[in-house]
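These notes concern the structure reproduced below.
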Amino acid sequence: MSLPLRSNTLRDINLKENQARPKPLQNQRTANTRRPALGNVTNQVRRQPQRIAKDKHTVLHGTKPGFGGQENAGPSNPQKSSGFTIFEDVIPQPTRVSSQNLQVHEPMHDQENLIPEHSLVLRDMVTGLNKNGSHFPALAQRSLEVTGSPMLIDTVKDRDTSEIKQDEFGLEPYFSDIYNYLKAVEPASRPQRDYMNRQTDVSTSMRNILVDWLVEVGEEYKLQRETLFLAINYIDRFLSLVGVHRPKLQLVGTASMFIAAKYEEIYPPDVAEFVYITDDTYTRAQVLKMESVILKLLDFKVAVPTINWFCERFLSLVDMPDKAKSLAFFLTELSLIEVEEFLDYRPSMIAACAIILARSTLKIGEPWPSNIEKHSGYSLNDLKDCVQCLFRLYSRKATMPQQAVIEKYKHEKFHCVSLVDPPAVLAIH
């Protein structure tokens, strides 16, 4: 498997910025010879390692007996002990009962939902402890007022059918608390404002090339959008804490993507695949070692609020067509490339501005509906500067050096929103 990378996006981040880049080969390359790496691209044909992590129905070879892909697969060698024994319950044989011992029982009634004719006294419910209630005077005087069956927690009349359809996981009562908490911890999970100025061997353009490459990696392995946002957050926070040498920058990005995939994905790619996509520039041990270094420096704080989470939350509060949602997601990913312009704004603000700009571009009702304004705590005036910054980036999307996000959202599944031209003038009132 290889990434369908374009020739103008294959750059070597180890080369100096002013050094002339090698010319692309004239001969046509096959899909097996194109290597998805930021380093030098070679024509060496190799076989990609098997996707072990995602093949959940295949018995792993070379592993211990009984621990293959099949959950219930037995050990290959029954002579050897697998370390534990499964005991099966013996089903008792039915005993013969004579017809004389058979008794006819009345059908069982649902006793738990029966409403008693008189109020239950709590003293009567603790039978066996004290019948006269002398030792429990408080219990003797308290009565349990029963207005209905204790098992009937809710009725059809009490349920909000519209809320059930929109909130299938039952999280709606807690969303306000979740949002307020994530909004409060936003500042602690952001990179420092001038972190790139303290990097002596890595420049901003190299960081942008790395992010552009990770966008293509996420598309190749069909990773979640949240995985990409988490990985870039780890990279920026890591660069805020320690200086990185130029040859190790891609290793930082690879390990960050590996951490984010293991945190977010159900079946993350194996470490061998992350070694492969770097054209074997780094070994398996180097990727695992860098993973350990990143986690220690980040103090294992990998569950951070991202722009994507806030964008999805805001979109759930308003009815928008799929094309408008795709355009909002496109704008959020576009802000990941040239990050220096958006370090002054919180992720929640960038997500809100992406929705405002998407609704304004496609002319969908109010740019910032009142229900989102009430829930987010941001007014349109609060987001004015951030919207203008995102609009300027959207206006020059065709001339950006990194085009991976634009190419990604050209597909039909995203409604080709990257081909939608921004408005000539942003009119938001």
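The values are calculated or read from the model by the stated rules, or taken from the named source; none is laboratory data. What you are looking at is a predicted structure, and each value in this text was computed from that prediction instead of being measured. Methodologically, a virtual Cβ is constructed for each residue, glycine included, from the backbone with ideal geometry; neighbour enumeration extends over all protein chains shown. Note: areas computed on protein heavy atoms with side chains; ligands, DNA, RNA excluded. Shrake-Rupley method; radii C 1.70, N 1.55, O 1.52, S 1.80 Å.
Can you pull the Rg over Rh of the range 221-284, Cα-only, Kirkwood?
The Rg/Rh ratio comes out at 0.97.
Over 18 Å, how big is the tail of the calculated P(r) for the range 312-378, in percent of all Cα pairs? Write out the running numbers ahead of the final one.
Values: 708 of 2211 pairs.
Of all Cα-Cα pairs in the range 312-378, 32 percent lie more than 18 Å apart.
Could you give the C-alpha radius of gyration of the range 245-352 expressed as a fraction of 2.2 N^0.38 Å, taking N as the number of residues it contains?
1.27
Select from the range 325-429 those trypsin sites (Lys or Arg not before Pro) which occupy a DSSP coil region and have at most 16 other Cβ atoms within 10 Å, ordered by residue number. Before the final figure, lay out each step's value.
Working: sites: Lys325, Arg359, Lys363, Lys374, Lys384, Arg392, Arg396, Lys397, Lys408, Lys410, Lys413; in loops: Lys363, Arg396, Lys410.
Hits after loop and neighbour filter: Lys363, Arg396, Lys410.
Assuming R0 = 60 Å, can you tell me the calculated FRET efficiency for the pair Leu297 and Lys363, based on Cβ-Cβ distance, to the nearest 0.05?
The computed FRET efficiency comes out at 0.85.
Given a 1.4 angstrom probe, what's the average accessible area per residue across the range 213-317, in square angstrom?
Working: 3830 Å² over 105 residues.
Ligands and nucleic acids excluded, the result is 37 Å² per residue.
Please arrange Arg193, Arg313, Arg346 by accessible surface area, largest first, computed with a 1.4 Å probe and ligands excluded.
From most exposed to least exposed: Arg193, Arg346, Arg313.
Could you report the accessible area of Ile350 in Å², rounded to 10, computed with a 1.4 Å probe on the protein chains as they sit in the structure?
Accessible area, nearest 10 Å²: 10 Å².
Express the C-alpha Rg of the range 311-429 as a ratio against the empirical globular expectation 2.2 N^0.38 Å, rounded to two decimals.
With N residues counted in the range 311-429, Rg over 2.2 N^0.38 Å equals 0.98.
Using the structure shown, list the pairs from Lys262/Lys289; Lys363/Lys408; Lys183/Lys248; Lys262/Lys410 with a Cα-Cα distance above 26 Å, or answer none.
Lys183/Lys248; Lys262/Lys410
According to a simple spin-label model (label point 7 Å from Cα along Cα-to-Cβ), what is the distance in nm between Asn180 and Leu380?
Rounded to a tenth, the inter-label distance reads 2.7 nm.
Not counting ligands, DNA or RNA, and with a 1.4 Å probe, what is Asp385's accessible surface area in Å² rounded to the nearest 10?
100 Å²
Taking the Cα centre of the range 228-286 as origin, work out the dipole magnitude from +1 charges on Lys and Arg Cβ and -1 charges on Asp and Glu Cβ, in debye rounded to 20.
In debye, rounded to 20, the range 228-286 gives about 300.
Quick check: pseudo-label points 7 Å beyond the Cα along Cα→Cβ at His245 and Cys416, how many nm apart are they?
It works out to 4.8 nm between the two label points.
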